[in-house]
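Enquirer: Pasting in a structure now, in structure tokens, and then I'll have a few things to ask.
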Amino acid sequence: MALQSVALVEFSNPLILRSALAATLVKSHGQMPLFEAAFRQFLLSLRGVKDTRLAQNTLTANVARFRQEKHRHPQLFFSSPRGDVSEHAPGEPLSRQVGASVFAATQRSAYVSLTAWEQKEMTRFQQQLAFPLRFSRRIKVARRGKRVLLGESIRRSRTISELTDLFYASRIRSKKPLILLLDLSGSMAPFTRTLLRFAQTLVSRSKQVEVFAFSVELTRLTRVLSAQARDRALCDAYRVAKDAEGGTRLTESLTRFMRREGKPLLQRAAQVWLVTDGLFTGSEDAFSKAVRALALRAHPLVWIYPGVIPENDVDAPRGVAHLRRSATVAYSAQTFYELTDAYLAGLR
């Protein structure tokens, strides 16, 4: 029956494929968490993910996470295709996600120590890690260049009584600042651990990396993630980000970052990574304005979507269309391996 239902739908849309399989395989309400976890593993295997042993993507972890979700506040609410956010009209499917809650989480997953496989992944990424460079305003004396430093050339040649060598001004190259804006709301809960591991690897190798997490509030995690002890850094990050895995105030967080924390950081031509699924509350005009302002100040703005980026904006979260238009480049990444691959691709 499952194969017959799959033959009637297309593989191109994961939502339709999931619904068709659930209609034939799930026999009770208690089997739904197990099916959701198994289907997620099935999608990862289809996409050719190499590191399938990640802790957050194991079957056991997904089953436990889905069973814990019933204790949280509702994260999403839906509307009919005609935009009515109240009770939907009879016979109309609830197909479009239009917002998210603004409540903090009543219960959240506790931090679990890093596994040997996760430690190996982070070590491998550190060995391949490099940072983009930029030309600073400071100069140094060099043998080659475009502008001759006549005074320096004369000073260095005064011992031989004649000018034999010319010295030039060369601009110093330094690491380009990198800002990570991580969405740790309830809809991003399956990827929280992966994002924090990725951020900790970058922060531990460079002082030019700044990490901010937002859910209900905007929180700076750079100091706690800079600890060399990985388990201690991640445990402190879970403790500091108290509103993680709760509601989302994406528009307010981006606006506050532009006006306060990010104002001095963006003056140094920083590269900004915005990791979010596009779920936000409030008006679309305010969100679009905040994203455009961030894109104008970033050099460049990189958007990371946790999954396959929807091709159709109608069935996607509201923020996807605005992020697609404003971001310089967009990557699809769910696992630690895909995040590192996107980072190294950006360097190339």
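Enquirer: The conditions are (1) under 18 Å from LYS207 (Cα atoms); (2) among the charged types (D, E, K, R); (3) modelled with pLDDT under 80, and LYS175 fails exactly one of them. Which is it?
Expert: So LYS175 meets the others, but not (3).
Enquirer: Right, something else. Name the residues in the range 278-303 that are closer than 24 Å to GLY346 by Cβ, hydrophobic (A, V, I, L, M, F, W, C) and in contact (Cβ under 8 Å) with a residue 24 or more places away in the chain, would you?
Expert: ALA290, VAL291, ALA293, LEU294, ALA295, ALA298, LEU301, VAL302, TRP303
Enquirer: Specify the residue that is least open to solvent (accessible area, probe 1.4 Å); the eligible residues are those in the range 289-307 that are over 22 Å from SER332 (Cβ atoms) and of a type in the set (Gly, Ala, Ser).
Expert: Among them, the one singled out is ALA290.
Enquirer: Here's a follow-up. Taking the options LEU195, LEU274, name whichever one is farther than 29 Å from ARG138 by Cα and outside any helix (DSSP H, G or I).
Expert: It is LEU274.
The values are calculated or read from the model by the stated rules, or taken from the named source; none is laboratory data. The structure displayed is predicted, hence computed values, not measured ones. No Cβ is skipped: glycine too gets one built from the backbone with ideal geometry, and neighbour counts run over all protein chains shown. We work out accessible area using only protein heavy atoms, side chains counted, and drop any ligands, DNA or RNA first. Shrake-Rupley method; radii C 1.70, N 1.55, O 1.52, S 1.80 Å.
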